[in-house]
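> First the structure, then my questions, so here it is.
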Amino acid sequence: MLEDDEAIATVLGLRLAAAGGTGIGLTAESAERAAAKLRRILPASLRRRTDEVLAAVEFGRSGHPQINPTDLSAVASAIAAHRCLAFAYSRKGGPSSRTVEPMRLVQIRQRWYLYAWDQGRQDWRNFRLDRIADLRATGTPFRPRPLPADDLAEHLRARFHGRKTIRTVLTLHADVRDAAARLHRIDGSLEACGEGRCRYVAYVDSFEWLTVVLAVSDIDFTVDETAEFRDHLVQTGQRLLGAANAGR
């Protein structure tokens, strides 16, 4: 059933898993059993090729904490079923109880992250799976929200490296569907908050970019957070009005 390159990719993946390179705490024994079963059904010529590759390659053990496969499976099931999760989350400031709407599992730099809507914080959050404890499915269903980015891995990398960290909260005078269609780019999340209105939580790398997007969209809005963005809009408006009046 497997082409030559597929068989080699499979056995290399199993060996990588055994070394902990996937970030999942699979036992070396289980990976070796799977590799042995695969090896038995390969044609002799292909078996020799995969043996040669395995003999030539050596994987170093991962230094990152390994994720329990059971927890990974439980999170994936909750994402597929659109069911909320509850857990204890440990950070430098101490543990906290979270209830979230799980959306994606993302692996970056050999670490696994759960990307979810935090119901208590009313915002998107990412959680390292190795810091999650007492994981349980609440059984409460949720309707998936639009994700703030198409490429979540790149979105998280940018946030980890200090880009797109300015958080601004707006009330847009348009419903979610209309706002999503008219915004040139959505750098955050949209949530309905009343008839003909929605809440926009934006993460951007500059107020200038957000100002341009809002101006082009032609959507009326109210600034809820932050005071710095309000000041920026006032200064920008005064500068534009001054330029317009100077030409009269």
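> Rounded to the nearest 0.05, what FRET efficiency do Asn68 and Ala246 give with R0 = 41 Å and r taken as the Cβ-Cβ distance? Could you check? Write down the numbers at each step before the final one.
On the way: r = 66 Å, r/R0 = 1.60.
About 0.05, to the nearest 0.05.
> Can I ask one more? Give me the number: length gained by fully extending Gln107 to Glu225, i.e. 0.36 nm times residue separation minus the C-alpha to C-alpha distance, one decimal in nm.
Details: separation 118, 0.36 × 118 = 42.48 nm, distance 3.12 nm.
That works out to 39.4 nm of additional length.
> Using a Förster distance of 22 angstrom, determine the FRET efficiency expected from the C-beta separation of Asp205 and Ala180, and round it to 0.05. Intermediate values should be presented prior to the final figure.
Working: r = 21 Å, r/R0 = 0.96.
The computed FRET efficiency comes out at 0.55.
> Follow-up question, since we're still on this one. Return the carbon/sulfur percentage of the accessible area of the stretch 91-158, one whole number, probe 1.4 Å, all protein chains in place. Show your work: numbers first, answer last.
Values: 1560 of 3710 Å².
Carbon and sulfur together cover 42 percent of it.
> With axes computed from alpha carbons, what is the tilt in degrees of helix 4-18 against the longest principal axis of the chain, rounded to the nearest 10 within 0 to 90?
Compared with the principal axis, the helix lies near 80 degrees.
> Could you give each residue of the stretch 227-233 its phi-based ³J(HN,Hα) in whole Hz, using Karplus coefficients 6.51, -1.76, 1.60 with θ = phi - 60°, and x for Gly or Pro?
These are the phi-based 3J(HN,Hα) values: 4, 5, 6, 4, 4, 4, 5 Hz.
> So what is the 222 nm mean residue ellipticity for the chain from helices alone, if each DSSP H run of at least 4 adds -39500 (n - 2.57) and you divide by all residues, rounding to the nearest 500 deg cm²/dmol?
Details: 8 runs with 102 residues, N = 248.
That comes out to -13000 deg cm²/dmol.
> Quick one: accessible area per residue over the chain, 1.4 Å probe, rounded to a whole number of Å²?
Numbers: 14310 Å² over 248 residues.
Roughly 58 Å² per residue, with all protein chains present.
> Can you give the angle from 0 to 90° between the axis of helix 28-41 and the longest principal axis of the chain, with both taken from C-alpha atoms, to the nearest 10?
So the helix axis and the longest Cα principal axis differ by about 60 degrees.
> Here is a further query. Beta carbons within 10 angstrom, averaged per residue: use that to sort the peptides 139-146, 69-76, 183-190, highest first. The partial results should precede the final answer.
On the way: 139-146: 11.6, 69-76: 15.9, 183-190: 18.0.
With the highest mean Cβ count within 10 Å placed first, the list reads 183-190, 69-76, 139-146.
> Evaluate the distance, in nm, between pseudo-label points positioned 7 Å from the Cα of Asp218 and of Lys37 along their respective Cα→Cβ axes.
6.1
> To continue, here is another question. Subtract the Cα-Cα distance of Asp5 and Gln235 from 0.36 nm times their separation in residues, and report this length gain in nm to one decimal.
Numbers: separation 230, 0.36 × 230 = 82.80 nm, distance 6.01 nm.
Working it through step by step, the gained length comes to 76.8 nm.
> When you count, for each residue, the other Cβ atoms within 10 Å and take the mean per peptide, how do 222-233, 206-217, 166-177 rank with the highest first? Can you show the working numbers first?
Values: 222-233: 14.2, 206-217: 15.8, 166-177: 17.7.
The packing order, highest mean first, is 166-177, 206-217, 222-233.
> Treating only the Cβ of Lys, Arg, Asp and Glu as charged (+1, +1, -1, -1), what charge dipole size does the stretch 144-199 show about its Cα centre? Round to the nearest 20 debye.
On the way: 11 positive and 8 negative charges, 52 e Å.
Here the size comes out at about 260 debye.
> Okay, moving on. Quick one: putting +1 on the C-beta of Lys and Arg, -1 on the C-beta of Asp and Glu, what dipole do you get for the chain around its Cα centre, in Debye to the nearest 20?
Values: 36 positive and 31 negative charges, 123 e Å.
About 580 debye.
> Which of these, Pro148, Pro95, Pro43, has the largest mean-square fluctuation under a Gaussian network model of the chain (Cα springs below 10 Å)?
Most flexible of the set in this elastic network: Pro43.
> Which of the following values of Rg and Dmax of the Cα atoms in Å was calculated from the structure shown: (i) 18.0, 62; (ii) 24.3, 87; (iii) 20.2, 63?
Given (i) 18.0, 62; (ii) 24.3, 87; (iii) 20.2, 63, the structure-derived one carries the label (ii).
> Then there is this: Over the stretch 40-143, what is the relative contact order in whole percent, taking alpha-carbon pairs under 8 Å and six or more residues apart?
Details: 153 pairs, mean separation 27.2, N = 104.
After rounding, I find 26 percent.
> Using alpha-carbon pairs under 8 Å, 6+ residues apart, how would you state the relative contact order of the chain in percent?
Details: 370 pairs, mean separation 30.8, N = 248.
Answer for the chain is 12 percent.
The values are calculated or read from the model by the stated rules, or taken from the named source; none is laboratory data. Predicted model, so just to flag it, every value in this text is computed and none were measured. So basically every Cβ, Gly included, is an ideal-geometry build from the backbone, and we count neighbours across all protein chains shown. Each accessible area value is taken on the protein alone, full model and side chains, heavy atoms only, with ligands, DNA and RNA left out. Shrake-Rupley method; radii C 1.70, N 1.55, O 1.52, S 1.80 Å.
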